[in-house]
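Accompanying notes for the structure given below.
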Amino acid sequence: MKFLNKYKRKYWLPFCIAVLFLTFEAVCDLLQPTIMSKIVDIGVANRDLNYVFKYGGLMLIITVIGALAASTRNILSSIVSQNFGSELRSDLFRKIQTLSFKSIDKFDRASLVTRLTNDVTQVQVFVNGLMRIFVKAPLLCVGGLIMATKLNIHLAVVLAVVVPIVAIIIIINMKVSFPFFIKVQKALDKINGMMREYLSGVRVVKAFNRFDFEENKFNQANEEFQEKSTSAIRLMAVFSPVIMLVVNLGIIAVLWIGGIRVEHGQLQPGTVIAFTNYMTQILFSLMMISMVFNMFIRAKASAGRIEEVFEEENDMTWIEKNLKTSKKGQIEFENVSFSYNGAAGDPVLKSLTFTCLPGETVGIIGSTGSGKSSLVNLIPRFYDATAGTIKVGGEDIKQIDPKYIRDKIAIVPQNTTLFSGTVNENIRWGKEDATKEEIKRAAQMSQAHDFIMESLEGYESRLGQGGVNFSGGQKQRLSIARALVKKPEILILDDSTSALDMVTESKLKDSLKKYASSLTCLLIAQRITSIMDADKIIVLDDGNIAGMGTHEQLLNTCKVYQEIYQSQMGKEVR
Ligand SMILES: Nc1ncnc2c1ncn2[C@@H]1O[C@H](COP(=O)(O)OP(=O)(O)OP(=O)(O)O)[C@@H](O)[C@H]1O
Ligand SMILES: [Mg+2]
């Protein structure tokens with residue numbers, strides 16, 4: 001997998017050193033049975049105590065060396081796997097930050113969370129396992145085979161039968177279990193998704209008393225996860241004992257054949273013991289291999305899911321160019337159409353053409369679902385228009401690095417998003433180096449200053465996650481302050497005054513006018529009173545512009561506008 005190359009380059013050296021220590025370990029393990037057979041067959045058989053002590057001491061030294069090698073390798077493998085895991089996680093996080101809205105919609109947020117946490121952990125666990133046992137196991141296995149064959153070629157026939165059978169079982173195991181682990185991760189995605197949705201909607205759940213319903217929904221997802229995990233584990237559970245059975249049958253065969261040969265004086269008993277020791281080592285290493293293979297298939301499934309994110313191409317293209325323009329804050333739409341599902345999908349915006357001049361306040365009104373939010377989301381390039389051209393400051397936004405466009409634009413989204421932290425921190429979020437004075441100014445303009453000062457800690461008041469301890473209107477004003485502190489050229493308020501009373505709203509608009517005479521302001525609203533005095537009003541109706549002009553002009557000419565006016569003001573149009 002391509003994304004792993006970077007880490008391979010970085011960690012190959014400590015990895016190789018770990019392998020070196022593993023080799024020491026394996027060699028030490030492999031020497032033991034042979035030395036033991038010598039002690040039994042020569043030392044004990046001839047009652048030569050000297051020989052027994054000499055080789056016993058050698059065995060002890062080898063054991064100590066093996067233990068030291070094992071500890072060093074353990075430390076090394078933990079460091080490498082932890083560093084690798086944390087680096088992979090932050091790289092993935094960085095990649096997720098660059099994903100376009102379209103990609104994030106595609107992956108589903110919960111799945112991205114699982115990929116960032118559980119999937120990375122699976123790969124990390126495998127790397128650790130790989131450095132701990134995987135290299136040692138083949139060494140033990142091959143070394144054991146060689147040593148055993150050297151010990152006695154006749155007994156080695158048993159190995160020739162047992163080893164290929166076990167190898168085949170391991171391969172079948174891998175082939176069969178792989179799809180199961182992909183299913184397990186998908187089920188985990190579902191649980192994460194459900195939990196995320198539940199927690200963000202917990203108030204609604206409580207208000208509607210839908211605990212049982214939510215619990216059932218969660219239980220279903222949980223059971224599915226359990227089911228999928230159980231089938232995967234069941235599969236693994238079958239294979240390990242089968243391998244053990246085959247190898248144990250082999251040991252019985254060795255004891256049987258060995259016993260006969262010892263009886264006929266063709267073989268020493270120590271050799272048989274050593275041979276069975278090698279067999280156990282080989283069994284042990286095969287079990288380890290199958291275990292690491294299991295880790296491997298889990299990690300492979302997870303790495304595949306991580307790779308999908310890394311491979312996700314950003315289909316937005318641009319030229320690395322800054323925005324240099326004389327038409328500061330001008331926005332032009334030329335025959336812009338847009339659909340969330342590409343050119344073939346249902347269009348949400350249909351061939352829109354309009355211009356917002358620098359310093360103009362443009363109101364956008366229209367029934368819910370008419371495409372107002374979709375329209376403004378195109379300006380900072382959250383999504384790309386499917387047809388037509390959008391120009392900001394006189395330049396096609398597809399020709400400029402979105403970073404620079406977003407620098408000029410401040411958007412207050414329809415759903416207010418605040419972060420845990422103080423009021424100060426939340427407003428400063430809009431401009432990292434904002435001074436206290438700037439923050440206060442922004443808060444005053446957005447009519448947030450007064451209510452902030454009313455609280456005991458003022459600007460140091462803490463917001464809970466998402467700003468739970470503030471009212472809807474307060475949150476809206478804080479997020480407007482956050483946008484204003486940025487001193488943008490274009491300010492987009494997506495229904496951001498909906499929770500304000502009329503008096504506060506009009507104060508806000510007054511101060512915006514004063515502060516922002518050069519600011520182009522796009523104002524989306526449901527209430528006609530919110531946009532009535534805008535320089536220009538765009539009436540959207542099912543993705544089309546139903547009318548454009550000042551309040552008076554629209555009252556005279558635009559039927560949709562007249563209807564909205566009538567329904568909201570309760571008056572007939574004159
Ligand atoms: N992320 C999305 N993926 C697919 N379709 C979407 C997405 N967001 C909005 N839509 C669809 O686009 C259409 C326009 O939605 P939009 O949010 O622009 O309406 P709106 O005018 O802002 O409505 P409201 O006044 O309720 O905020 C709707 O039919 C909606 O179903
Ligand atoms: Mg909207």
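Descriptive notes on the structure:
- Cα-based helix-to-principal-axis angle, 502-515 vs the chain, degrees rounded to 10: 90
- Dipole magnitude for the chain: computed about the Cα centre from +1 point charges on Lys and Arg Cβ and -1 point charges on Asp and Glu Cβ, it is near 1180 debye.
- Restricting the stretch 384-489 to GluC sites (Glu not before Pro) that sit in a DSSP loop and have at most 16 other Cβ atoms within 10 Å of their own Cβ leaves Glu432, Glu457.
- Alpha-carbon centroids, the stretch 55-95 and the stretch 330-372: separation in whole Å: 59
- Relative contact order %, the stretch 414-487, counting alpha carbon pairs below 8 Å whose residues are six or more apart: 52
- Binning the C-alpha pair distances of the stretch 490-556 at 10 Å intervals from 0 yields a P(r) profile of 19, 52, 27, 1 %, listed from the shortest bin outward.
- Using C-alpha pairs below 8 Å separated by at least 6 residues, the relative contact order for the chain is 14 percent.
- The stretch 467-574 - charge dipole about Cα centre, Lys and Arg +1 at Cβ, Asp and Glu -1, debye rounded to 20: 480
- Cβ-placed point charges (K, R +1; D, E -1), dipole of the stretch 359-510 about Cα centre in debye, nearest 20: 180
- Note on the stretch 526-574: Cα convex hull, mean projected area over all directions, 3.1 nm².
- Long pairs among Lys10/Lys175; Lys95/Lys372; Lys487/Lys559; Lys436/Lys509; Lys102/Lys328, criterion Cα-Cα beyond 27 Å: Lys10/Lys175; Lys95/Lys372; Lys487/Lys559; Lys102/Lys328
- Mean ellipticity per residue at 222 nm, deg cm²/dmol - from DSSP H runs of n ≥ 4 across the chain, formula -39500 (n - 2.57): -21000 deg cm²/dmol
- Computing FRET efficiency as 1/(1 + (r/R0)^6) for Thr98 and Leu49, where r is the C-beta to C-beta distance and R0 is 45 Å, gives about 0.05.
- For Ile191 and Leu235, the FRET efficiency from 1/(1 + (r/R0)^6), where r spans their Cβ atoms and R0 equals 22 Å, is about 0.55.
- Modelled label reach - Asp510, point 7 Å along Cα→Cβ, the stretch 437-480 residues with backbone N closer than 19 Å: 441-452, 477
- Qualifying trypsin sites (Lys or Arg not before Pro) for the stretch 277-372 [loop in DSSP, other Cβ within 10 Å: at most 11]: Lys321, Lys324
- Restricting the stretch 529-574 to GluC sites (Glu not before Pro) in coil, as DSSP defines it, with at most 12 other Cβ within 10 Å: Glu572
- Globularity index of the chain, i.e. its alpha-carbon radius of gyration over 2.2 N^0.38 Å: 1.44
- Extended-chain gain in nm, criterion 0.36 nm per residue less alpha-carbon gap, Lys206 and Ile168: 8.2 nm
- Semi-axis lengths (Å, descending) of the ellipsoid that matches the C-alpha gyration tensor of the stretch 378-496: 30, 14, 11
- Hydrodynamic radius by Kirkwood, which averages 1/r over all alpha carbon pairs of the stretch 160-275, in angstrom: 18.6
- Overall dimensions of the stretch 2-311 by Cα: Rg and Dmax, Å: 25.5, 88
- Per-residue 3J(HN,Hα) values for the stretch 440-447, derived from phi via the Karplus relation 6.51 cos²θ - 1.76 cosθ + 1.60 with θ = phi - 60°, read 5, 4, 4, 5, 5, 4, 7, 6 Hz in sequence order (x marks Gly and Pro).
- Largest first, the extents of the alpha carbon coordinates of the stretch 259-328 on the three principal axes equal 104, 17, 13 Å.
- Beta bridges per DSSP with both ends in the chain, % antiparallel, nearest 5: 50
Every read-out reported here was derived from the displayed coordinates using simple, explicitly stated rules and does not represent laboratory data. Not measured: the values here are computed from a predicted model. As a convention, Cβ positions derive from the backbone with ideal geometry for all residues, glycine included, and neighbour counts pool all protein chains shown.
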